[in-house]
Amino acid sequence: MSQDLYDLLGVARDADADAIKKAYRRLARQLHPDVNPDPETQEKFKEVSMAYEVLSDPQKRAAYDRGGDPFGGQGGGFGQGAGFSFTDIMDAFFGGGAPGAAQGRGPRPRVRRGQDALIRLEVDLAEAAFGTARELKVDTAVLCTTCNGDGAAPGSHPIPCETCRGAGEVAHVQRSFLGEIRTLRPCAACRGFGSIIPEPCRECSGDGRVRSRRTLTVKIPAGVDNGTRVQLTEQGEVGPGGGPAGDLYVEIHIAPHETFTRHGNDLHCTVSVPMSAAALGTTLTLPTLEADVESGADSGVETSFELELKPGTQSGTEQILRGRGVPGLRGGRGDLVVSVIVETPTKLDARQEELLRELAALRGEESPTGQVRPGNKSFFGRLRDSFNQH
């Protein structure tokens, strides 16, 4: 190749390494066989790649500037010298190393952060509403106390890998039409760590951590709901090599309650009353949710309340008691919604039936005609009507 290498790359003779690399990137994008497959362009690409191989290597560049053979007399053809790095070509297209190929990052660390852990905890409705503290038994990886996370048996220590000389990577050379392509792969001898543990710790087998059951106390804030996750920082899995622990997440699941159901921060319950009580009116004593966690008259917490039903209360009537629901995580408190169900007697003795017939006669209800009103459509009925309208 008679053309000047600096001219091939289009750079001055005093260009620095960055300028040479940028020039090669620009030309490689234009001349690469995948972009321009014609033979003349391929030959030009080989010449440009050879020029970059020489000028990017300080020793070869110095030899070329002195008029010598930068390949040490092995010939001037492309691929017949010491070869070039496949990373340089891919760098021209992607601005980095070859996808999936090692990029000379050096050995990977043995000490790494541990994974996060997740456990599920079932709590009562009152515990979720007002908060509580619970003890948990968790099985996670913890620091090995025998080797203190080093992974080596007491009295020993990791040594540099002789295969990769501590680099954690080894070069693999492969011939192709581009010449000798060098790629870097993790060292199989040390698994990319750059060091080998000749005498692993017997307790953790060189991992620096062991599994153990331990007890933790988790504080559950007032107002949590189903699916809420409470984070315990650095209480998860200890990392390999004794690395910092991940976080532990406690996912809350609320057990069904025998009296109340929860909808957001509101509580709902249903109370059944006899027909006579609904007609005449009455006062009922109902428990509060606080009754599940408080006991004794001296606690100062209201564990029950009186619900007044006015005369003539109809089945399905709802009474809303403000501020008797679940406290919110950000303040405030929901409501308690009480639904009234009026029970109609199904079995009457002779005297009860006689009295009811007398009452019906007094009210003129011996043969009622009934009042017909439009029915409430179901959700699917309303959805069908919505589609029909469009």
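Students often forget the sequence filter, so: which lysines lie under 17 Å Cα-Cα from Lys137 once same-chain residues fewer than 8 apart are removed? By straight Cα distance, Lys137 reaches Lys219. Separation of the range 217-260 and the range 3-18, taken as the distance between their Cα centroids, equals 62 angstrom. Counting only lysines at least 8 places from Lys60 when in the same chain, those with an alpha carbon closer than 16 Å to its own are Lys21.
Each Lys or Arg adds one and each Asp or Glu takes one away; over the other residues whose Cβ falls under 12 Å from the Cβ of Ile254, this sums to -3.
Annotation for Gln231 and Ser205: the two label points, set 7 Å from Cα along the Cα-Cβ direction, are 3.3 nm apart. Can you tell me how the range 138-250 classifies by the Cα gyration tensor, rounded, prolate or oblate, using a/c under 1.5 as the rounded cut? Oblate is the answer for the range 138-250, as a/c is 1.5 or above yet b/c matches or exceeds a/b.
Taking 18 Å as the straight-line reach from the Cα of Lys22, the lysines in range (excluding those fewer than 8 positions away in the same chain) are Lys44, Lys46. For Val11, the accessible area of its heavy atoms, probed at 1.4 Å with every protein chain present, is near 30 square angstrom.
Let me know the charge dipole size of the range 330-371 about its Cα centre in debye, to the nearest 20, where only the beta-carbon of Lys, Arg (+1) and Asp, Glu (-1) is charged. Before the final figure, lay out each step's value.
On the way: 6 positive and 8 negative charges, 84 e Å.
Computed charge dipole of the range 330-371: roughly 400 debye.
Taking each residue as 0.36 nm, the span from Val301 to Gln59 lengthens on full extension beyond its C-alpha to C-alpha distance by 78.5 nm. Going by accessible surface with a 1.4 Å probe and the largest first, Phe193, Phe130 read Phe130, Phe193.
Order Ser56, Ser156, Ser49, Ser367 by their accessible area, 1.4 angstrom probe, all chains in place, largest first.
Values: Ser56 55, Ser156 25, Ser49 5, Ser367 100 Å².
In descending accessible area the options line up as Ser367, Ser56, Ser156, Ser49.
Taking all protein chains together and rolling a 1.4 Å probe, Thr233 ends up with roughly 90 Å² accessible.
Toward the positive end of the charge dipole of the range 206-336, with +1 on the Cβ of Lys and Arg and -1 on the Cβ of Asp and Glu, the farthest Cα among Pro327, Val224, Val250 is that of Val250. Between Lys219 and Leu359, the modelled label-to-label distance comes to 5.6 nm, taking each label 7 Å out from Cα in the direction of the beta carbon. Accessible surface of His268, taken over heavy atoms with a 1.4 Å probe and every protein chain present, rounds to 50 Å². With a simple spin-label model that places each label point 7 Å from the Cα along the Cα-to-Cβ direction, the separation between Arg351 and Leu329 comes to 6.0 nm.
The values are calculated or read from the model by the stated rules, or taken from the named source; none is laboratory data. Keep in mind that this is a model prediction, so the values were computed, not measured. Virtual Cβ from ideal backbone geometry, glycine too; neighbours counted across all protein chains shown. Note: areas computed on protein heavy atoms with side chains; ligands, DNA, RNA excluded. Shrake-Rupley method; radii C 1.70, N 1.55, O 1.52, S 1.80 Å.
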